[in-house]
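Asker: First the structure, then my questions, so here it is.
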Amino acid sequence: MHRDYYSPADWEKILTFSKARETPFLVVLLDKVRKKFDEFQTGFPNAKIYYAVKANPGMEVLSLLRDLGSYFDIASIYELDSILNLGVAPERLSFGNTIKKARHIREAYDKGVRLFTSDCEADIRHLASEAPGSRVFFRLLMDAVTSDSDWPLSRKFGCQPRMLTDLVSLAADLGLEPYGISFHVGSQQREISAWDAALAKVYDLFDWLEEENIHLKAINMGGGFPADYLIKSNPLSVYAEEINRYLESYFGSSTPEIYLEPGRGLVGEAGVLVSEVISIAKKSKTDLKRWIYTDVGVFNGLMETIDESIKYPIYTEKKGETGDVILAGPTCDSLDIIYEHFTYQLPLALEIGDRLYWLSTGAYTASYSSIEFNGFPPLPTYYL
């Protein structure tokens, strides 16, 4: 299985590094991050790529992307400080979280940030008072589109088109610079047509605002670009070709500036989470499924397996006949079941002490890991 995701050289590097280390831990291959960034630049040559820091905020990843010329999408003043401490100019930052304290807006503004995203009147008024004259993206609610993704974004972010146009007018009246419209089609979005549906709405809004003499300059298409998990996706080049075609069909030669905010799609495939089997059990003598308990679970790295949303490929060096399993984590909490309903199969020869390798775990694993739940420490991460 690992050969479908990693080159022989990369896999040998992971095994060699992992051999003597106590599990669980995450290994991230920086060269795979570099290659994926190059793919984004090749596929979207006219776009500004803002890496979603929350996906993997490791200093090694951030430093690499800084040197490659990436921009950065931050969700808090704490991510802001991490980026600024690496010597990144604030002009390369966007405060993409629509939910933020007024004093945090002021702190970001005082440190040089001039690009924000908003979706409600209260936040627009805070931006006007605490970040005067700043550029603003207005986030469009895309709940009908995101429901097709593996990790939908609910209705927490964005607003309906009519409210968005009112916010644009309000921002202009308050001295802000209405800069563009942003949207997100849902994380791990494998349906490329979702971008078509979103861009159709954006085009209509641009057209309506032009009639009101408000000239927006940019579209922020957010993230959503998928990583290859158990269910594989089209290559990034296919997404790029189709999305560029959608842009051309709607905007022609007048295509606005394009912003992208990849997180998972940029770093997801670069990571391998290494764990150990700590117990194997059945619930009755006639139980057809084995319970495999590992030293990694929902609370220390595999948060996105809640509702079995993200299905990671799992590899073990044990061979032979396989059987159905239920996978669960080590904590004293009944929620810590990784996969129960979706059928995973592992070798019948699997024993306590054997290692499990969770592939494509470079995004939203270590950054989701709890600090001290049940006393377990955060997931150690190593960058190669």
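Asker: Considering each residue of region 69-114, count those that are of a type in the set (D, E, K, R) and either outside any helix (DSSP H, G or I) or farther than 19 Å from Pro132 by Cα (or both), and give that number.
Answerer: The total comes to 7.
Asker: If you take the residues of region 329-348 that are buried (at least 18 other Cβ atoms within 10 Å of the Cβ) and not aromatic (Phe, Trp, Tyr), which of them is farthest from Glu317 (Cα to Cα)?
Answerer: The selected residue is Asp336.
Asker: Could you grab the pairs with beta carbons closer than 8 Å, sequence gap of 6+ or different chains, first residue in region 342-355 and over 19 Å from Leu15 (Cβ atoms), second one surrounded by 12 or more Cβ atoms within 10 Å (Cβ to Cβ) and at pLDDT below 95?
Answerer: Phe342/Glu308
Every residue, every condition in (1) among the acidic types (Asp, Glu); (2) surrounded by fewer than 16 Cβ atoms within 10 Å (Cβ to Cβ); (3) part of a strand (DSSP E or B), yes or no:
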| residue | (1), (2), (3) |
| --- | --- |
| Ser275 | no, no, yes |
| Lys283 | no, yes, no |
| Thr286 | no, yes, no |
| Glu304 | yes, no, no |
| Asp307 | yes, yes, no |
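Asker: Can we say Thr294 is in the same structural domain as Ser360 (by TED's automatic domain parsing) and modelled with pLDDT under 95?
Answerer: Here the answer is no, as Thr294 does not meet what is asked.
Asker: Residues that are in contact with an Asp or Glu (Cβ under 7 Å, 6 or more places away or on another chain), at least 2 per element: which strands (runs of 3 or more DSSP E) completely within region 312-384 meet that?
Answerer: Here the list reads 322-328, 337-347.
Asker: Follow-up question, since we're still on this one. Do any residues in region 187-214 that are surrounded by fewer than 19 Cβ atoms within 10 Å (Cβ to Cβ) have Cβ atoms under 6 Å from those of residues that are among the small types (Gly, Ala, Ser), where the two are at least six apart or on different chains, and which pairs are they?
Answerer: Short answer, once both residue conditions are applied: Arg190/Ser233.
Asker: Same structure again: Could we say that Val296 is hydrophobic (A, V, I, L, M, F, W, C), within 30 Å of Leu384 (Cβ to Cβ) and in a strand (DSSP E or B) here?
Answerer: No.
Yes/no per residue for (1) assigned by TED's automatic domain parsing to the domain that holds Cys159; (2) surrounded by 15 or more Cβ atoms within 10 Å (Cβ to Cβ); (3) not hydrophobic (A, V, I, L, M, F, W, C):
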| site | (1), (2), (3) |
| --- | --- |
| Asp73 | yes, yes, yes |
| Thr98 | yes, yes, yes |
| Arg103 | yes, no, yes |
| Ala122 | yes, no, no |
| Ser134 | yes, yes, yes |
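Asker: Here is a follow-up. Among the numbered criteria (1) more than 24 Å from Pro57 (Cβ to Cβ); (2) in contact (Cβ under 8 Å) with a residue 12 or more places away in the chain; (3) not in a loop (DSSP other than H, G, I, E, B), which single criterion is violated by Gly133?
Answerer: Gly133 satisfies all of (1) more than 24 Å from Pro57 (Cβ to Cβ); (2) in contact (Cβ under 8 Å) with a residue 12 or more places away in the chain; (3) not in a loop (DSSP other than H, G, I, E, B) except (3).
Asker: Shifting gears a bit: Kindly evaluate Ala9 against the criterion of being exposed (fewer than 15 other Cβ atoms within 10 Å of the Cβ), modelled with pLDDT of 95 or more, over 30 Å from Asp81 (Cα atoms) and small (Gly, Ala, Ser).
Answerer: Yes, satisfied.
Asker: Of (1) out of contact with any Gly (no Cβ under 9 Å at 6 or more places or on another chain); (2) modelled with pLDDT under 95; (3) under 27 Å from Phe44 (Cβ atoms), Gly224 satisfies all except one. Which?
Answerer: Here Gly224 meets the rest and fails (1).
Asker: Could you tell me whether any residue of region 161-174 is part of a loop (DSSP other than H, G, I, E, B) and either at pLDDT 95 or above or buried (at least 18 other Cβ atoms within 10 Å of the Cβ) (or both)?
Answerer: Yes, region 161-174 contains a residue that is part of a loop (DSSP other than H, G, I, E, B) and either at pLDDT 95 or above or buried (at least 18 other Cβ atoms within 10 Å of the Cβ) (or both).
Asker: Is it the case that some residue within region 6-15 is in a loop (DSSP other than H, G, I, E, B), out of contact with any strand residue (DSSP E or B) (no Cβ under 7 Å at 6 or more places or on another chain) and either in contact (Cβ under 8 Å) with a residue 12 or more places away in the chain or not assigned by TED's automatic domain parsing to the domain that holds Gly87 (or both)?
Answerer: yes
Asker: Does region 247-254 include one or more residues that are in contact with a helix residue (DSSP H, G or I) (Cβ under 9 Å, 6 or more places away or on another chain) and buried (at least 24 other Cβ atoms within 10 Å of the Cβ)?
Answerer: No, region 247-254 contains no residue that is in contact with a helix residue (DSSP H, G or I) (Cβ under 9 Å, 6 or more places away or on another chain) and buried (at least 24 other Cβ atoms within 10 Å of the Cβ).
Asker: Suppose we filter Lys232, Lys201 for residues that are more than 30 Å from Tyr339 (Cβ to Cβ) and over 14 Å from the mean Cα position of the chain (by Cα); which single one remains?
Answerer: Lys201
Asker: Further question: Which one of these does Ile181 not meet: (1) assigned to a helix (DSSP H, G or I); (2) out of contact with any Asp or Glu (no Cβ under 9 Å at 6 or more places or on another chain)?
Answerer: (1)
The values are calculated or read from the model by the stated rules, or taken from the named source; none is laboratory data. Everything quoted here is computed from the prediction, not taken from an experiment. Ideal geometry is used to build each Cβ from the backbone, glycine not excepted, and the neighbour counts take in all protein chains shown.
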